[in-house]
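Only one structure is covered here, and it is reproduced in the block below.
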Amino acid sequence: FDRWSLESSREKEARAKDVIRRQMTCIVGRRGSRQAAAVVDIADAGLQTPGEAYVWWLLQCMLPEAVCDELVTQCPVELEGRMYFPDAALPGRKVSFEFDGFAKIPENEREFLSRQRAFLGAGWIPIRVDQKQLDNLDVLIAYLLRELRGTGIAAHYPRGPLWKPLTRELLDPRRRF
């Protein structure tokens, strides 16, 4: 996935998902097949870490379907002459989602703060989740509900075919996809 070549990256992603869906036809009707299909539907090549994927999954379980349709990863946002790519965003609503893993915040803290100020100055609402918040799912859900509802989005407690609390092993910061 190359965020600088989003169109070709999204085309490759769509082809890969089509291949997976064709291969899944042999499991239709089996236990877990509906959930597996839902996972393929929300899979996104723009997700770079398990933490980003965890936030993406929670958002998919908490947002109304119409809002989920607006949600994108690696959305290019030009601010003050610089191009930024939030982990996820609702561009029409100017809401961005950032997962701050252990290595996310640059060594140059001024650069990090400059980015944050640029988003705020352009009217964006950044919602940040850090690695520590993943340790307590109930607290994270309450935080996301409060932040999302504060933007006017009618978020709900996680539900649907994707909803099932994940195991701690999946959130290990050393784990890669």
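The values are calculated or read from the model by the stated rules, or taken from the named source; none is laboratory data. None of the values given here were measured: they were computed from a predicted structure. All Cβ positions, even for glycine, are placed from backbone atoms using ideal geometry, and neighbour counts span all protein chains on display. SASA here: full protein model, heavy atoms, side chains in, ligands and nucleic acids out. Shrake-Rupley method; radii C 1.70, N 1.55, O 1.52, S 1.80 Å.
Show the residue pairs that are 6+ apart or on different chains and have beta-carbon atoms under 8 Å apart, the first residue being within the range 19-36 and within 19 Å of residue 164 (Cα to Cα), the second being of a type outside the set (Val, Ile, Thr) and assigned to a helix (DSSP H, G or I).
Pairs that qualify, where the first residue is within 19 Å of residue 164 (Cα to Cα) and the partner is of a type outside the set (Val, Ile, Thr) and assigned to a helix (DSSP H, G or I), are 33/24; 36/24.
Quick one: count up the residues across the range 1-39 that are open to solvent by less than 50 Å² (accessible area, probe 1.4 Å) and in contact with a Phe, Trp or Tyr (Cβ under 6 Å, 6 or more places away or on another chain).
Looking only at that region, the number is 1.
Anything in the range 129-150 that is open to solvent by 30 Å² or more (accessible area, probe 1.4 Å), closer than 18 Å to residue 87 by Cα and at pLDDT below 95? List them, or say none.
Of everything in the range 129-150, those that are open to solvent by 30 Å² or more (accessible area, probe 1.4 Å), closer than 18 Å to residue 87 by Cα and at pLDDT below 95 turn out to be 130, 132, 133.
Out of all the residues in the range 58-104, which are under 13 Å from the mean Cα position of the chain (by Cα), modelled with pLDDT of 95 or more and assigned to a strand (DSSP E or B)?
72, 73, 88, 89, 90, 95, 96, 97, listed by residue number.
Determine if the range 43-50 includes at least one residue that is open to solvent by less than 50 Å² (accessible area, probe 1.4 Å) and of a type in the set (Asp, Glu).
Yes, the range 43-50 contains a residue that is open to solvent by less than 50 Å² (accessible area, probe 1.4 Å) and of a type in the set (Asp, Glu).
Of the residues 55, 19, 39, which is farther than 29 Å from residue 113 by Cβ, assigned to a helix (DSSP H, G or I) and touching a helix residue (DSSP H, G or I) at 6+ places or on another chain (Cβ under 9 Å)?
39 is the lone residue from the list that is farther than 29 Å from residue 113 by Cβ, assigned to a helix (DSSP H, G or I) and touching a helix residue (DSSP H, G or I) at 6+ places or on another chain (Cβ under 9 Å).
For the range 113-125, indicate whether the set of residues that are without any contact (Cβ under 8 Å) to a residue 24 or more places away in the chain, open to solvent by 50 Å² or more (accessible area, probe 1.4 Å) and outside any helix (DSSP H, G or I) is non-empty.
Looking through the range 113-125, none of the residues is without any contact (Cβ under 8 Å) to a residue 24 or more places away in the chain, open to solvent by 50 Å² or more (accessible area, probe 1.4 Å) and outside any helix (DSSP H, G or I).
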